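What follows draws every value from the coordinates through simple rules; no lab data is involved. Everything quoted here is computed from the prediction, not taken from an experiment. Please note: Cβ atoms are built from the backbone with ideal geometry, for glycine as well, and neighbour counts cover all protein chains shown.
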């Protein structure tokens, strides 16, 4: 296509390509790909491979694929999926674009429907856009089937849009939802997250019943279900097969790397069929950003002479899409009087459904299509079928890099014998674009291999296991031992993490165990929907951000509940510019931040009048303390390196502000001798204030911790050196592994560097951990092979800036140290050490409080002996506050000792810790993956039981002096009954309240309050070594307060 706007074709071999304007452009020639096509079975017709009773289906397939002969992989897939007598069940179709993958799984499914072997099949898709596109294809299929066979098959869509009033052609979208859920079709096309959500929330419609009993499941474009979603889908399939052992599962994907490795871990019994794409000759060229509008204008003019043909332009940012369309239309209006704005359109996910559909419908009109340029986000990159694309232009290297490049360039559909030219537009101010501009050989390799990244996902994510635990119950699998056996098959650590999530859901009163069966409590389903954070209802790896709410009312104060949302702010920006005293600007209006609510992820602001912000200028960001990075329980630990400890697992990253920037309309400062201006000033925070604003994030990632004070003592701080090392590792991760640096977070302090998955664990950090030795070796080579001292074009200087003097030598030493990694999986050793306590006592819960480990007065030895014995009698162990006496190193050491014992004796997954004050239990914040809660709430046969530490509900020494410990607790309970607390569940007089804090043993059945005594030496022996035993399945025993 671009050939036609090039004057001198001989210049194709030159660096410069003259275009039909006065301009000459610097072109980058990236790659030229030959035509490809899967093998056709020319000796075999469709009729030859279909069962005799459905031979009439052959004419349908011939019409739809426009060929009497199937491709080889279509023939093999059909024969394999219909050969059930051989035990053939699962299949992975790993093929290029337009290779007929869809027909490879649709045709066998339709055959089974026509033969009556099944009456229902589900096709899952990763996006609504792809779902809508494929629905049109399936409708054509069922229409042709009815014409040729006389059998009417039904098909419907099921996604978040169904029922929201935005499905066209229906008098009522809610009616469409009702009909779909109550009268299931033969072929359902669905987004997986919609089905997942409906099953978890307990939808009992006929459609969900059909899905949970389905014998033919397809996951199309499985490579797009990365990370969190892939982890859930893997276990969803395993759960589904427990109930439906004969179900056939088909995974269809664009060509992906290491598909055999993926199969072995994801769907071990599946057979793999691979096929190349169908395409003509493709050439790929590069231009710099300043040529964007002029190039598109020339393409538009040329396409005006080619009826029905379109140029597809991709950009990552919705703002960039709208801006580019505006600039292009302005340029075309100025140049051509006959320009019609309908010929340039945009499409992205924020557009209403009907607008997006209107664009897609127009693009399907062949020669009647009037669109010449369509500028799109990633919504059109995944499997959407557009026939008349002549050229693909990609603005910048996609954020998803390898996957985005392969998917976007595949939209330029062509047949052998046809030629297409595609263009990459590079913004050389962007480090990613500049890197690929200077290393076109990497881009060329991506285009030639035409393979997406391996499908990565977290293998041991606790929250995923909580969701799968609920899924098992929804599937009718409620025997506790059967559930635990299911997880044990996935690995010992999977079993332990799932067992831990069981403990958490029981202590949040979602679940209960009754005679060996795991069931919802009477309030369980209602609570599950309210506490969605307990289970992954949403499987999208998206940061929802925080809402910015303007306070309304006369005084505009936080007590007035009237608010309106005026915007959102990313989580990463809250601490830097969204704290009380900061000024935020949204829609050109300035707001003063008054308060934040971490639980609701909300920021409350009040409106600044223009007069109050006269002279307002951009404020600096808040100052933050060094983040703390805490490695969770049971990490993978790497052997070999001498300078660093390297581990992988669950991390807790805590960020705290040090000082907040406040704007003052009263105070003025003078800058550089200039005019007075309204000023900002720093509000220094106390440790307690900083803790109130701290934000904790639980992620999956790698930590590199220095064992030494300095590497060679020649340069800089450890923090800056680790940060530089992290940046270089991310660059090599992109080059060596093809994982975009934008998908891996980096954070460091004086001793630690963490590389972690952004969003909901995508599995990238886990893959990087496995390949860390390879990546670090490439880093070392790049530094060693460059003669510079402070960074240059050949190594890293041009990407991350000039390296501080002396740093290069230290970085080489660290890279060499990483090269000493011994490639062994320490998990194997750890799994052998874990002792699984299988003799869980039916519904027995034991709770203790006020141990004060780390104190000279703590009965530490007696406590460890007691917990070792009692844990074997209990289903769940609750420590109701003040486990520790102090924070700091002493507290951390005490927690480590407890965890070591809990792991070795197999009760850590039973352990629930109730937080008390930050004075005593502050060190618990440094331990990820231990279940820590503000309270526990359990449903028993004796009634509801609330466990909470006394100081958290306002019991103080003054209250005790007025009566006594028991009386103060009765008063506190009365206040909870009358007024409640926002963070606690609503309780009644009948609720049993169990508290720590007062170091007093008491048992009051009339008011249902109980004190747990203490485990220290300095107070009354009568109150020492107490524990409360609750037999939740036995109304006769009820609550028993005992001494050890």
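Just want to confirm a number: the relative contact order over the chain, from Cα pairs under 8 angstrom separated by 6+ residues, in percent.
So the answer I get is 8 percent.
Compute the projected area of the convex hull of the Cα atoms of segment 842-895, averaged over all viewing directions, and report it in nm² to one decimal place.
Convex hull of Cα atoms, orientation-averaged projection: 3.6 nm².
Report, to the nearest 10°, how far helix 353-363 tilts away from the longest principal axis of the Cα atoms in the chain, using its own Cα long axis and a range of 0 to 90°.
Result, in degrees: 20.
Rounded to the nearest 10 degrees, what's the angle between the helix 440-449 long axis and the longest principal axis of the chain, both from Cα atoms, 0 to 90?
Around 80 degrees separate the two axes.
Taking Rh as the Kirkwood radius, which is the inverse of the mean 1/r over Cα pairs, what is the Rg/Rh value for segment 119-250?
0.95
Calculate the translational D of segment 296-431 in whole µm² s⁻¹ from Stokes-Einstein, where the hydrodynamic radius comes from the Kirkwood formula applied to all Cα pairs, the temperature is 37 °C and the viscosity 0.692 mPa s.
Answer, rounded: 215 µm²/s.
Give the Rg (one decimal place) followed by the Dmax (whole number) of segment 50-275, computed from C-alpha coordinates and expressed in Å.
Here Rg and the maximum Cα pair distance are 16.9, 48 Å.
Using Cα pairs closer than 8 Å and at least 6 residues apart in sequence, work out the relative contact order for segment 467-534, in percent.
Relative contact order for segment 467-534 comes out at 27 percent.
Can you check how the C-alpha radius of gyration of segment 95-135 compares to 2.2 N^0.38 Å, as a plain ratio?
After normalising by residue count via 2.2 N^0.38 Å, the value is 1.32.
Given N residues in segment 186-345, what is Rg(Cα) / (2.2 N^0.38 Å)?
Ratio of Cα Rg to 2.2 N^0.38 Å: 1.54.
Name the shape class, rounded, prolate or oblate, that the alpha-carbon gyration tensor gives for segment 834-1043, where a ≥ b ≥ c are the square roots of its eigenvalues, rounded holds for a/c under 1.5, and otherwise prolate holds if a/b is larger than b/c and oblate otherwise.
Because a/c hits 1.5 or more and a/b fails to exceed b/c, segment 834-1043 counts as oblate.
Throw me the Rg/Rh for the chain, computed over C-alpha atoms with Kirkwood Rh, two decimals.
0.98
Classify segment 467-534: rounded, prolate or oblate, from the alpha-carbon gyration tensor (a ≥ b ≥ c, eigenvalue square roots; a/c under 1.5 rounded; otherwise prolate if a/b is larger than b/c)?
Judged from the Cα gyration tensor, segment 467-534 comes out prolate (a/c at least 1.5, a/b above b/c).
Grab the Cα-Cα distance for residue 304 and residue 532, subtract it from 0.36 nm times how many residues apart they are, and report the gain in nm with one decimal.
Length difference between fully extended and current span is 76.9 nm.
At 222 nm, what helix-only mean residue ellipticity would the chain give, in deg cm²/dmol to the nearest 500, using -39500 (n - 2.57) for each DSSP H run of four or more?
Value at 222 nm, helices only, nearest 500: -10000 deg cm²/dmol.
Between the helical axis of 718-732 and the dominant principal axis of the chain, each derived from Cα atoms, what acute angle in degrees is found, rounded to the nearest 10?
Computed tilt is about 30 degrees.
If packing is taken as the average count of other Cβ atoms within 10 Å, what order do 187-195, 513-521 fall into, highest mean first?
187-195, 513-521
With only alpha-carbon pairs counted, each pair once and no self-pairs, how large is the Kirkwood hydrodynamic radius of segment 413-544 in angstroms?
19.0 Å is the Kirkwood radius here.
How would you classify segment 904-991 from its alpha-carbon gyration tensor, with a ≥ b ≥ c the square roots of the eigenvalues: rounded for a/c under 1.5, else prolate if a/b is greater than b/c, otherwise oblate?
oblate
Of 955, 867, how do they rank once you tally other Cβ atoms within 10 Å and put the fewest first?
Ascending number of Cβ neighbours within 10 Å: 955, 867.
Among the DSSP beta bridges whose two residues both lie in the chain, what percent are antiparallel, rounded to the nearest 5?
Counting DSSP beta bridges with both partners in the chain, the antiparallel share is about 55 percent.
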